[in-house]
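K.L.:
Quick one: the structure is below, and I'll ask about it shortly.
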Amino acid sequence: MKDILAKAVKTAAQEFGAEYAEVRAQRLFKTMLTLKDGRVEAAKQGIENGAALRVLVNGAWGFASVGTLDAGALTKYILDACKMAEAASSKLKTPIKLVETTAVEDKVFLKPKKDPSKISIEDKINTTSALNDTVLGYDERVKSCTIDYLDLAGTNYFMNNEGAYIEQEKLYVWSRVTATAKEAGVFTFSREEVGSTAGYEVFDVETPEIVGERTAKRAVEQLKAKPTKGGVFPVVIGPNVVGVFVHEAFGHLAEADLTLSGSVLADKLGKTIASDIVTFYDDGTIEGAFGSFRYDDEGVTTQKTVLVKDGVVVGLMHNRETAQKFNAKPTGNARAEDFRFEPIIRMRNTFMEPKDHSFEELVEDVKFGYYLKSFRGGQANLDGTFQVGIQEAYEIVKGELGAPARDVSISGNTLETLLKVDAVGKDFELWPGRCGKGQTAFICDGGPHIKVREVLVGGGA
Amino acid sequence: MVVALKQEETQSLAENTVNLAMKKGADEAEVFVYQGITSEIVIKRGQISRSARIIDQGLGIRAIVNKAVGFSYTNTLRGKTAIKEVVLKTLTFARASKPDEEWRDLPTKKPFASVEGTYDKDIVELPSEDLVKTASMMLDAAEKTDKRAFPIEGGAGASYLSMAIANSNGVEGFDHGTIVECSLATIAREGGEVTPVCFEFNAERSYNIDPEWVGREAARLAVSALKAKKTETKNTSVIFTPVALQQLLYFTLINAVKADHVQRGQSAFKGRIGEKVASENVTICDDGLLKGGLRTWRFDGEGVPQQKTPVIERGILRNFIYDNYTAKREGKNSTGNASRAGYVSTPKVEATNFRFTPGRKTPEELLGEVKEGLLVYYLQGAHSSNPASGDFSVVATPAWKIKNGEIAYATKGTMLAGNVFSVLKNVSALANNERKIGQLVSPWIRVEDVKVVGR
């Protein structure tokens with residue numbers, strides 16, 4: 001493999017004269033299952049071999065993706081990428097440069113306790129079927145259950161013309177379960193995800209029974225939930241929702257490509273944007289977490305990056321291109337879903353640092369507000385507006401948790417909201433998820449419970 | 001672009017692989033061969049700085065043994081042993097899987113309809129330099145429109161797609177097509193204010209796009225989103241543009257008419273065929289044969305001819321959309337709505353071109369009749385709607401306040417809350433400015449009595 005990659009890199013750099021050339025080859029094996037109400041829709045598997053070829057010519061990027069590892073094809077298409085880059089460079093005003101980085105040579109092997117590729121498809125069907133049975137057996141009001149399962153194993157081979165060569169094993173295990181419940185014309189919906197880079201042993205902790213009950217219980221409890229009052233209220237936010245807030249509402253703004261595109265953080269480096277109890281990290285080093293890896297897809301070593309320290313923006317997430325622009329160090333955030341995609345700046349495991357409050361202390365002075373426990377989805381815009389939809393919420397009445405509330409969502413301006421964080425809890429949870437930015441990345445996010453003194457809550461009708 | 005796999009090659013690959021699977025012991029087999037070639041010129045932060053060529057091809061096999069379904073895909077198509085291995089693995093998976101008593105059989109051969117405006121040789125032969133020119137015209141148009149507008153990303157792209165299908169019931173087919181598109185996402189900056197991202201695009205099956213319009217419009221939208229004000233909470237008229245509608249309907253209305261959602265009790269429309277579910281202004285067809293439609297093909301992901309299916313006629317729910325499996329469960333015919341994500345997935349029920357019959361009013365007339373309301377271009381958080389109930393609570397951004405028939409000012413932090421099925425009942429008018437976005441084909445649509453949550 002090394003020779004094939006070397007030939008392509010050499011063709012681009014020496015024969016064509018590209019300033020930079022890299023090849024990222026992959027061999028991937030996937031196993032997938034979809035169960036609908038216990039019916040195995042299909043037991044699925046896939047084989048993908050391919051290469052991503054990337055070059056810088058006259059300061060413009062050329063990229064080609066091909067579904068082969070054939071040396072001739074790689075050489076041919078890296079030249080194609082060079083020519084396309086040359087065409088694209090004709091209108092270039094500011095040539096792209098890359099920050100210097102250590103050229104790593106390394107091989108990364110994984111040692112899962114339970115390697116999913118050694119577990120039979122029958123076992124995987126049994127695990128997902130047990131999950132289905134827990135969900136549908138929980139209560140007769142649970143009407144449907146859909147389960148998706150994926151495991152991915154493979155190897156990445158990375159080489160560039162600066163001397164880097166990395167072979168890195170890849171392993172992901174993921175599952176998502178959704179349930180719907182219905183009673184008296186009310187529909188509810190509940191979702192849970194499991195994700196790990198450690199191995200199939202994740203199901204020993206997140207067992208089908210635990211995950212199934214969590215999913216089904218929520219769908220059923222939401223049936224009797226009250227409609228939400230719209231308006232501005234104090235809220236206590238649980239780790240699962242804090243995570244998605246840190247990721248969506250803040251994290252994307254701190255991806256340096258989006259910061260450069262004019263996100264509201266553009267002029268905020270070194271400035272206070274949040275209460276002094278707010279500290280955020282993006283960390284690729286947490287063992288087994290869904291967003292962890294050793295080297296990113298530009299060959300840069302991953303790290304724990306501090307984004308906000310005591311309310312002050314101290315760092316952004318970079319690739320080699322943005323690090324050069326900011327005169328910063330690359331942070332190892334360049335990730336590509338697979339060889340079909342260019343690496344772009346993505347989050348890893350993004351979270352808020354815990355402090356000192358207990359849950360009771362967070363809730364006790366709230367006269368009327370909401371406790372937001374689990375999210376349904378979230379989204380943000382460069383101008384700093386965010387929206388997070390909640391799948392599990394409760395009223396807080398006179399300092400105590402009250403009735404469940406249905407279809408709550410919160411929105412507002414990220415920076416205004418961060419300044420209103422009044423207290424940060426001492427607990428901590430990290431939740432797996434997937435993030436879309438034109439391509440999918442596996443991530444985690446999380447944090448402790450927090451209290452925000454006011455946020456716009458949008459209710460149902 | 002160099003088309004790697006020719007028609008005859010693709011078709012014989014599909015047919016030979018089906019035969020092999022049958023020989024190795026499948027009760028039924030189906031093979032889908034897909035090829036996609038895309039060339040892109042990409043704009044980042046105000047300049048053309050990237051290019052990409054993505055060549056993706058592969059085949060997916062569905063094999064059925066004792067009513068249990070196995071599926072495999074591979075992107076390694078050369079070499080007989082590679083294909084044979086995949087066939088054997090598919091059968092192993094099918095044998096390991098659980099039988100599905102509801103499984104009937106794969107589709108049988110039916111004549112494909114003819115389609116128009118889906119393939120353009122000019123797109124296949126388009127040189128990269130022409131894509132650079134398209135992107136450049138769009139960028140120049142945006143910059144000339146207003147200095148405060150800043151194009152953050154976008155680009156121009158051309159794609160060639162081909163697909164062949166064969167199954168053990170005698171279905172065989174080949175189709176290919178092209179898409180060309182350009183898009184621009186722009187923000188405007190003034191003083192300390194940054195607008196939300198404003199996005200315009202143009203996607204067509206024939207080489208007939210207007211990059212200058214896209215550039216001008218993206219810049220104009222962004223600048224008009226400056227000086228945004230907060231709004232008050234009250235029920236008003238709302239005009240949704242097609243992008244906002246697509247976001248609102250994708251997880252709600254479109255799911256509600258899919259037969260699998262209905263059969264599994266996840267649809268609010270279950271058992272309501274023939275009932276009034278929308279205002280009589282609303283007529284929707286799922287039109288898999290729409291001329292030049294972005295999702296128009298001769299056949300669907302299972303080799304069933306695509307067709308035009310009335311979904312809602314003057315407010316009355318007429319039909320759901322089916323793939324082979326869901327149709328046979330009800331003793332019906334598939335409506336040609338099995339969709340695949342290339343070669344890597346099994347087919348699933350999906351809309352083709354989900355088309356609202358447009359109205360006669362111009363967008364200006366639609367706006368002119370609104371005393372007080374909101375014009376919504378884009379929604380944030382629509383994917384967090386409750387897909388079963390249709391309840392939504394989303395941020396409208398960018399959105400503009402309408403007063404006395406005119407745009408008064410841009411709004412910020414505005415939420416819309418309600419239920420998508422109530423929205424359908426309150427549609428008061430549709431304009432005549434139809435556009436294609438993903439699977440939705442729709443003009444501006446005006447809805448009365450929507451809850452706008454301000455602060």
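The values are calculated or read from the model by the stated rules, or taken from the named source; none is laboratory data. Please read all numbers here as calculations on a predicted model, not as lab measurements. Neighbour counts are summed over all protein chains in view; Cβ atoms, including those assigned to glycine, are modelled from backbone coordinates with ideal geometry. With ligands, DNA and RNA removed, areas are computed over all heavy atoms of the protein, side chains included. Shrake-Rupley method; radii C 1.70, N 1.55, O 1.52, S 1.80 Å.
K.L.:
Taking the dipole about the Cα centre of the stretch A:2-224, with the C-beta of Lys and Arg at +1 and of Asp and Glu at -1, give me whichever of A:PHE189, A:VAL104, A:SER175 is farthest to the positive side.
P.N.:
After comparing all options, I get A:PHE189.
K.L.:
Here is a further query. Take the protein assembly as shown, drop everything but the C-alpha atoms, weight them equally and run the Debye formula without solvent; then report log10 I(q)/I(0) at 0.05, 0.07, 0.09 Å⁻¹ to two decimals.
P.N.:
Here log10 of I(q) over I(0) equals -0.26, -0.54, -0.97.
K.L.:
Check which residues have an amide H placed less than 5 Å from A:GLY384's amide H, if you skip close sequence neighbours.
P.N.:
Here the answer is A:VAL264, since their amide H atoms fall under 5 Å of that of A:GLY384.
K.L.:
Could I ask something else about it? Full-extension gain between B:LYS308 and B:LYS270, please, as 0.36 nm times their residue separation minus the C-alpha to C-alpha distance. Kindly include the intermediate steps, with their values, before the conclusion.
P.N.:
Details: separation 38, 0.36 × 38 = 13.68 nm, distance 2.13 nm.
Between B:LYS308 and B:LYS270, full extension yields 11.6 nm more.
K.L.:
Here is a follow-up. Can you tell me what percent of all Cα-Cα pairs in the stretch A:2-224 are more than 21 Å apart?
P.N.:
Summing the P(r) tail past 21 Å for the stretch A:2-224 gives 64 percent.
K.L.:
On to the next question. Kindly state, to the nearest 0.05, the FRET efficiency for A:LYS271 paired with A:GLU169, given R0 = 51 Å and r defined as their beta-carbon distance.
P.N.:
Numbers: r = 41 Å, r/R0 = 0.81.
In this case the efficiency is close to 0.80.
K.L.:
Can you tell me the alpha carbon radius of gyration of the stretch B:343-405 divided by the globular rule-of-thumb value 2.2 N^0.38 Å?
P.N.:
1.59
K.L.:
Right, here's the next one. How long are the three semi-axes of the equivalent ellipsoid of the stretch A:199-311, in whole Å, if each is the root of 5 times an eigenvalue of the C-alpha gyration tensor, listed from largest down? Could you put the intermediate results ahead of the total?
P.N.:
Working: eigenvalues 191, 129, 29 Å².
With the √(5λ) rule applied to the stretch A:199-311, the semi-axes are 31, 25, 12 Å.
K.L.:
Tell me, what HN-Hα J-couplings in whole Hz come from the Karplus equation 6.51 cos²θ - 1.76 cosθ + 1.60 at θ = phi - 60° for each residue of the stretch A:376-391, using x for Gly and Pro?
P.N.:
Once θ is set to phi - 60°, the couplings for the stretch A:376-391 become 9, x, x, 7, 9, 10, 4, 6, x, 7, 9, 9, 10, x, 10, 9 Hz.
K.L.:
In nm, to one decimal, how far is the modelled label at A:ARG434 from the one at A:LYS229, with both set 7 Å along Cα→Cβ?
P.N.:
In this crude label model, A:ARG434 to A:LYS229 measures out at 3.9 nm.
K.L.:
Please work out the C-alpha center-to-center distance from the stretch A:1-67 to the stretch A:185-243 and express it in whole Å.
P.N.:
35
K.L.:
Here's a follow-up. Using the Karplus equation 6.51 cos²θ - 1.76 cosθ + 1.60 (θ = phi - 60°), what ³J(HN,Hα) coupling, rounded to whole Hz, does each residue of the stretch B:269-276 give in order, writing x for Gly and Pro?
P.N.:
Rounded to whole hertz, the list is 8, 4, x, 10, 4, x, 8, 7.
K.L.:
Which ³J(HN,Hα) values, rounded to whole Hz and listed in residue order, are derived for the stretch B:174-187 from phi using the Karplus coefficients 6.51, -1.76 and 1.60 in 6.51 cos²θ - 1.76 cosθ + 1.60 with θ = phi - 60°, glycine and proline given as x?
P.N.:
Each residue's phi maps through the Karplus curve to give 9, 8, 9, x, 10, 9, 10, 8, 9, 8, 8, 10, 10, 10 Hz.
K.L.:
Mind ordering B:215-225, B:34-44, A:1-11 by average Cβ neighbours within 10 Å, highest first? All intermediate terms of the calculation are to be shown ahead of the outcome.
P.N.:
Details: B:215-225: 24.4, B:34-44: 22.5, A:1-11: 17.5.
Ranking the peptides B:215-225, B:34-44, A:1-11 by packing returns B:215-225, B:34-44, A:1-11.
K.L.:
Roughly how much of A:ASP204 is accessible, in Å² to the nearest 10, using a 1.4 Å probe?
P.N.:
90
K.L.:
Evaluate Rg over Rh across the stretch B:234-453, taking Cα atoms for both radii and Kirkwood's formula for Rh. Show your work: numbers first, answer last.
P.N.:
Values: Rg = 17.3 Å, Rh = 17.7 Å.
Radius of gyration relative to Kirkwood radius: 0.98.
K.L.:
Further, regarding this structure: Hey, for a label at B:LYS234 modelled as a point 7 Å past Cα toward Cβ, could you say which residues of the stretch B:439-454 have their backbone N under 15 Å away?
P.N.:
B:449-454
K.L.:
Just from the alpha-carbon atoms, what are the Rg and Dmax of the stretch B:108-219 in angstroms?
P.N.:
Spelled out, the Cα radius of gyration and Dmax of the stretch B:108-219 are 19.2, 67 Å.
K.L.:
Let me have the relative contact order for chain B, percent, based on Cα pairs under 8 Å that are six or more residues apart. Intermediate values should be presented prior to the final figure.
P.N.:
Working: 1257 pairs, mean separation 72.1, N = 455.
Relative contact order comes out at 16 percent.
K.L.:
Amide H to amide H under 5 Å from B:VAL282: which residues, 5+ apart in sequence or cross-chain, H placed 1.01 Å off N in plane?
P.N.:
Here the answer is B:GLY315, since their amide H atoms fall under 5 Å of that of B:VAL282.
K.L.:
For the charge dipole of the protein assembly as shown, defined by +1 on Lys and Arg C-beta atoms and -1 on Asp and Glu C-beta atoms about the Cα centroid, which residue among B:ILE273, A:ALA323, A:SER358 has the Cα displaced farthest towards the positive pole?
P.N.:
Farthest towards the positive pole: B:ILE273.
K.L.:
I would also like to ask the following. According to the Cα gyration tensor, what semi-axes, each the square root of 5 times an eigenvalue, does the equivalent ellipsoid of the stretch B:7-224 have, listed from largest to smallest in whole Å? Working shown, then result.
P.N.:
Numbers: eigenvalues 423, 68, 48 Å².
Its equivalent ellipsoid spans semi-axes of 46, 18, 16 Å.
K.L.:
Report the dimensions of the stretch A:226-458 along its three principal axes from the alpha-carbon atoms, largest first, rounded to Å.
P.N.:
That gives 53, 33, 29 Å along the principal axes, largest extent first.
K.L.:
Can I ask one more? For the stretch A:362-461, what mean projected area does the convex hull of the alpha carbons give, in nm²? Kindly include the intermediate steps, with their values, before the conclusion.
P.N.:
Numbers: hull surface 28.8 nm².
Averaged projected hull area, Cα only: 7.2 nm².
K.L.:
Counting pairs of alpha carbon atoms under 8 Å apart in space and at least six apart in sequence, what relative contact order in percent does chain A give? Please report the intermediate quantities before stating the final value.
P.N.:
Values: 1260 pairs, mean separation 72.8, N = 461.
The value is 16 percent.
K.L.:
Continuing with the same structure: Would you compute, from DSSP H runs of 4+ residues alone, the mean residue ellipticity of the protein assembly as shown at 222 nm, taking -39500 (n - 2.57) per run and dividing by the full residue count, rounded to the nearest 500? It would help to have the intermediate numbers written out before the result.
P.N.:
Numbers: 21 runs with 197 residues, N = 916.
Mean residue ellipticity at 222 nm (helix-derived): -6000 deg cm²/dmol.
K.L.:
Shielding of B:394-404 by partners, i.e. mean partner chain Cβ atoms within 10 Å per residue? Walk me through the numbers before you get to the answer.
P.N.:
Working: counts 6, 11, 1, 6, 2, 0, 0, 0, 0, 0, 0.
Mean partner-chain Cβ count within 10 Å for B:394-404: 2.
K.L.:
Given the pairs B:LYS144/B:LYS371; A:LYS36/B:LYS332; B:LYS401/B:LYS451; B:LYS258/B:LYS401, which span a C-alpha to C-alpha distance of over 25 angstrom in this model?
P.N.:
Numbers: B:LYS144/B:LYS371 33 Å; A:LYS36/B:LYS332 21 Å; B:LYS401/B:LYS451 14 Å; B:LYS258/B:LYS401 35 Å.
Cα-Cα > 25 Å for B:LYS144/B:LYS371; B:LYS258/B:LYS401; rest within.
K.L.:
Identify all lysines with a Cα-Cα distance to B:LYS276 below 17 Å; exclude those on the same chain that are fewer than 8 residues away in sequence.
P.N.:
B:LYS425
K.L.:
About the Cα centre, and with charges only on the beta carbon of Lys, Arg (+1) and Asp, Glu (-1), how big is the dipole of chain B? Nearest 20 debye, please. Could you put the intermediate results ahead of the total?
P.N.:
Values: 60 positive and 54 negative charges, 212 e Å.
In debye, rounded to 20, chain B gives about 1020.
K.L.:
How large is the charge dipole for the protein assembly as shown, taken about the Cα centre, if only the Cβ atoms of Lys, Arg (+1) and Asp, Glu (-1) carry charge, to the nearest 20 debye? Don't skip to the end; give the middle numbers.
P.N.:
Working: 117 positive and 120 negative charges, 226 e Å.
In total the dipole reaches around 1080 debye.
K.L.:
If you average 1/r over all unlike Cα pairs in the stretch A:333-407 and invert the result, what Kirkwood radius do you get in angstrom?
P.N.:
Working: mean 1/r = 0.0639 Å⁻¹.
Its Kirkwood hydrodynamic radius stands at 15.6 Å.
K.L.:
How far apart, in nm, are the 7 Å Cα→Cβ label points at A:ASP427 and A:SER120?
P.N.:
4.0
K.L.:
Over all residues in A:46-52, what is the mean tally of Cβ atoms on other chains that come within 10 Å of each residue's Cβ?
P.N.:
Per residue, the number of nearby Cβ atoms from other chains is 6 on average.
K.L.:
Further question on the same structure: Calculated FRET efficiency, B:SER422 and B:GLU372, Cβ-Cβ r, R0 22 Å, to nearest 0.05? Don't skip to the answer; put the middle values down first.
P.N.:
Values: r = 19 Å, r/R0 = 0.87.
So, using R0 = 22 Å, E works out to roughly 0.70.
K.L.:
Turning to a different aspect of this structure: Do any trypsin sites (Lys or Arg not before Pro) in the stretch A:44-125 lie in a DSSP loop with no more than 12 other beta carbon atoms within 10 Å, and if so, which? Mind showing how you got there, number by number?
P.N.:
Values: sites: A:LYS44, A:ARG54, A:LYS76, A:LYS83, A:LYS91, A:LYS93, A:LYS97, A:LYS107, A:LYS113, A:LYS114, A:LYS118, A:LYS124; in loops: A:LYS93, A:LYS97, A:LYS113, A:LYS114.
Those that pass, being in a loop and sparsely packed, are A:LYS93, A:LYS113.
K.L.:
What helices does chain B hold that run 15 Å or longer along their axis, going by alpha-carbon atoms, with a Kyte-Doolittle average of 0.0 or more, using DSSP H for the helix calls? Provide the component values of the computation, followed by the final result.
P.N.:
Numbers: long enough: B:7-23 (24 Å, -0.78); B:80-96 (24 Å, 0.41); B:128-145 (26 Å, -0.21); B:211-224 (20 Å, -0.15).
TM-like helix candidates: B:80-96.
K.L.:
Further question on the same structure: For chain A, how big is Rg over Rh, using alpha carbon atoms and the Kirkwood form of Rh? Show your work: numbers first, answer last.
P.N.:
Numbers: Rg = 23.5 Å, Rh = 23.5 Å.
For chain A, the value is 1.00.
K.L.:
Please compute the Kirkwood hydrodynamic radius over the stretch B:180-247, one decimal place, Å, based on all pairs of different Cα atoms.
P.N.:
Details: mean 1/r = 0.0719 Å⁻¹.
Across the stretch B:180-247, the inverse of the average 1/r is 13.9 Å.
K.L.:
How high is the FRET efficiency from B:LYS332 to A:GLU183, r the C-beta distance, R0 45 Å, rounded to 0.05? Display every interim value, and only then the final one.
P.N.:
Details: r = 29 Å, r/R0 = 0.65.
The calculated FRET efficiency here is 0.95.
K.L.:
Note down the nm distance, to one decimal, between modelled labels 7 Å out along Cα→Cβ at B:LYS23 and at A:ASN327.
P.N.:
Each label point lies 7 Å from its Cα, and together they span 6.9 nm.
K.L.:
Find the percent of Cα-Cα distances in the stretch B:1-118 that exceed 19 Å, and round it to a whole number.
P.N.:
Values: 4001 of 6903 pairs.
Of all Cα-Cα pairs in the stretch B:1-118, 58 percent lie more than 19 Å apart.
K.L.:
Turning to a different aspect of this structure: Straight-line reach from A:LYS304: which lysines have a Cα under 19 Å away, not including same-chain ones fewer than 8 places off?
P.N.:
A:LYS329, A:LYS355
K.L.:
Could you bin all the Cα-Cα distances of chain B into 10 Å bins starting at 0 and give me the percent of pairs in each, rounded to whole numbers?
P.N.:
Histogram of Cα-Cα distances, whole percents per bin: 4, 19, 26, 25, 17, 7, 1, 0.
K.L.:
Given A:ILE147, A:THR94, A:ALA42, which one lies farthest toward the positive end of the charge dipole of the stretch A:2-224, if we put +1 on the Cβ of every Lys and Arg and -1 on the Cβ of every Asp and Glu?
P.N.:
With unit charges placed on the Cβ atoms, the residue in question is A:THR94.
K.L.:
Determine the dipole magnitude for the stretch B:234-453: charges of +1 sit on the beta-carbon of Lys and Arg, -1 on that of Asp and Glu, nothing else is charged, the reference point is the Cα centre, and the result goes in debye to the nearest 20.
P.N.:
On the way: 29 positive and 20 negative charges, 41 e Å.
Value, rounded to 20: 200 debye.
K.L.:
Once amide H atoms are placed 1.01 Å from N in the peptide plane, what residues at a sequence separation of 5 or more from B:TYR409, or on another chain, have their amide H within under 5 Å of its amide H?
P.N.:
When sequence neighbours closer than 5 places are left aside, the close amide H contacts are B:LYS401.
K.L.:
What is the total of Lys pairs in the stretch A:69-116 with C-alpha atoms under 27 Å apart, excluding same-chain pairs fewer than 8 positions apart? Don't skip to the end; give the middle numbers.
P.N.:
Values: A:LYS76/A:LYS91; A:LYS76/A:LYS97; A:LYS83/A:LYS91; A:LYS83/A:LYS93; A:LYS83/A:LYS97.
Final tally of qualifying lysine pairs is 5.
K.L.:
Just counting partner chain Cβ atoms within 10 Å, what average do the residues of peptide A:63-71 show around their Cβ? It would help to have the intermediate numbers written out before the result.
P.N.:
Numbers: counts 7, 6, 6, 7, 12, 7, 1, 2, 0.
If you average over the peptide's residues, the count of other-chain Cβ atoms is 5.
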